[in-house]
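Written out below as structure tokens is the structure these notes cover.
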């Protein structure tokens with residue numbers, strides 16, 4: 001967990017709880033399921049071993065990890081255990097183990113883990129997430145489920161009315177919860193666009209409807225951003241000029257604590273996804289020589305949807321997230337958003353940003369947080385449509401509260417580089433071929 005100035009001291013959030021603090025629940029759980037005991041021990045021992053360069057402990061953690069996976073498999077086929085809150089917590093702890101320790105990750109394995117975990121939550125039903133022991137982990141599960149749905153370009157059950165209401169009947173919402181309530185609609189909009197394109201005949205009206213949905217959702221998310229209390233708004237600070245990695249922006253975004261930075265990067269990530277969807281929609285209309293209505297002309301759309309701005313702001317949060325006081329959790333918060341920004345800069349050929357991202361995450365790897373050399377072709381994994389052409393490119397990443405500078409455009413880097421892959425903090429499947437025990 002984060003230390004020092006990165007620790008949350010907001011009394012309301014501490015009282016209501018927050019997704020990234022869900023592990024605190026485990027300390028109060030009586031009579032743990034054996035899968036939860038082993039999962040917690042595996043993660044704890046591994047973190048201590050990595051922090052002290054004690055590879056005997058790391059090896060012991062892999063043994064416990066394998067045993068926990070076996071117990072989890074048994075629990076998921078046991079009607080008396082499969083809906084247990086302990087089993088849910090064990091799933092999430094094993095996912096965190098996978099994030100921090102390896103084995104070799106790739107985007108396809110992440111999709112399998114994230115989708116399997118989401119299915120486990122869905123099968124439990126919204127009623128089982130009202131009490132605190134289950135509600136808190138459920139909140140944490142919404143973030144990777146959202147990210148997986150964005151990557152697969154498929155709607156998530158989390159956008160259904162029951163899942164947006166029933167789990168809160170006995171709990172209070174935080175401002176972060178309200179953002180996720182909006183964000184879970186992003187994958188459904190993307191899926192709807194893809195389905196419309198499959199028809200390819202007389203689809204102009206449908207495309208305009210989806211465009212209106214994008215506008216409505218982004219306006220709502222902007223209202224959330226503009227309504228954020230002062231202490232949760234990022235501070236703009238001059239980047240350290242001594243940075244040897246060639247930082248491609250003028251300023252960083254700094255935060256009061258780790259909870260506020262996570263909320264902001266979710267906003268940036270979902271706004272980036274919507275901006276790219278709008279670019280696709282406009283391109284599809286252009287290919288059909290369909291004139292946009294006056295309210296949807298490129299200039300107003302450009303003001304509302306600027307992918308460069310959001311990709312740059314994701315990058316400008318990275319120095320805060322990977323500072324030592326953020327511990328391993330900082331990398332966990334930023335790795336999927338950073339991948340989305342990385343994919344954007346690959347498409348727009350910003351070599352300076354790609355090079356800096358690779359160096360920044362290589363530095364984190366030396367501190368014991370696992371990363372792999374991969375080629376994160378997110379569009380290929382998602383069955384990406386060839387209609388995507390980014391015809392709008394902002395010359396500046398300025399935002400009302402978060403000004404910065406846009407990097408120079410250049411040729412893309414080699415397809416193989418060091419970058420994080422976001423792993424879901426949940427696990428519902430056991431693969432015997434990967435059993436280290």
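Residues in region 143-162 that are assigned to a helix (DSSP H, G or I) and buried (at least 21 other Cβ atoms within 10 Å of the Cβ): 143, 144, 145, 146, 147, 148, 149, 150, 151, 158. If the condition is being surrounded by 21 or more Cβ atoms within 10 Å (Cβ to Cβ) and at pLDDT 60 or above, then region 105-114 contributes only 114.
Taken over region 116-129, the residue count meeting the criterion of being buried (at least 21 other Cβ atoms within 10 Å of the Cβ) and modelled with pLDDT of 85 or more is 3. In the set (1) closer than 21 Å to residue 92 by Cα; (2) surrounded by 17 or more Cβ atoms within 10 Å (Cβ to Cβ); (3) modelled with pLDDT under 95, residue 132 fails one condition alone, (2). Criterion first (closer than 24 Å to residue 347 by Cα and either in contact with a strand residue (DSSP E or B) (Cβ under 8 Å, 6 or more places away or on another chain) or modelled with pLDDT of 85 or more (or both)) does residue 287 satisfy it? The answer is no for residue 287.
Residues in region 256-270: is at least one surrounded by fewer than 23 Cβ atoms within 10 Å (Cβ to Cβ), at pLDDT below 90, assigned to a loop (DSSP other than H, G, I, E, B) and over 19 Å from the mean Cα position of the chain (by Cα)? Yes: region 256-270 contains one or more residues that are surrounded by fewer than 23 Cβ atoms within 10 Å (Cβ to Cβ), at pLDDT below 90, assigned to a loop (DSSP other than H, G, I, E, B) and over 19 Å from the mean Cα position of the chain (by Cα).
Considering region 200-210, and only residues there that are under 20 Å from residue 154 (Cβ atoms) and touching a helix residue (DSSP H, G or I) at 6+ places or on another chain (Cβ under 8 Å), the residue that is modelled with the lowest pLDDT turns out to be 203. Within region 1-27, the set of residues being modelled with pLDDT of 70 or more and closer than 24 Å to residue 76 by Cβ comprises 26 only. Of all residues in region 45-58, those satisfying the criterion of being in contact with a helix residue (DSSP H, G or I) (Cβ under 8 Å, 6 or more places away or on another chain) and either free of Cβ contacts under 8 Å to residues at least 40 places away in the same chain or buried (at least 20 other Cβ atoms within 10 Å of the Cβ) (or both) are 45, 46, 47, 48, 49, 50, 54, 55, 56, 57. Considering each residue of region 176-185 in turn, at least one proves to be crowded, with 19+ Cβ neighbours inside 10 Å and either on the phi > 0 side of the Ramachandran plot or modelled with pLDDT under 90 (or both).
Per-residue answers, yes or no, for (1) under 20 Å from residue 325 (Cβ atoms); (2) touching a residue at least 12 places away in the same chain (Cβ under 8 Å); (3) surrounded by fewer than 15 Cβ atoms within 10 Å (Cβ to Cβ):
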| site | (1), (2), (3) |
| --- | --- |
| 207 | no, yes, no |
| 217 | no, yes, no |
| 224 | no, yes, no |
| 232 | yes, yes, no |
| 235 | yes, yes, yes |
| 241 | no, no, yes |
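Scanning region 163-175 for residues that are assigned to a helix (DSSP H, G or I), surrounded by fewer than 20 Cβ atoms within 10 Å (Cβ to Cβ) and without any contact (Cβ under 8 Å) to a residue 60 or more places away in the chain yields a count of 4. The number of residues in region 184-242 that are under 25 Å from residue 141 (Cα atoms) and assigned to a helix (DSSP H, G or I) comes to 17.
The values are calculated or read from the model by the stated rules, or taken from the named source; none is laboratory data. Owing to the predicted nature of the structure, the values given are computational and were not obtained by experimental measurement. Note that we place each Cβ from the backbone using ideal geometry, even for glycine, and neighbour counts take in every protein chain shown.
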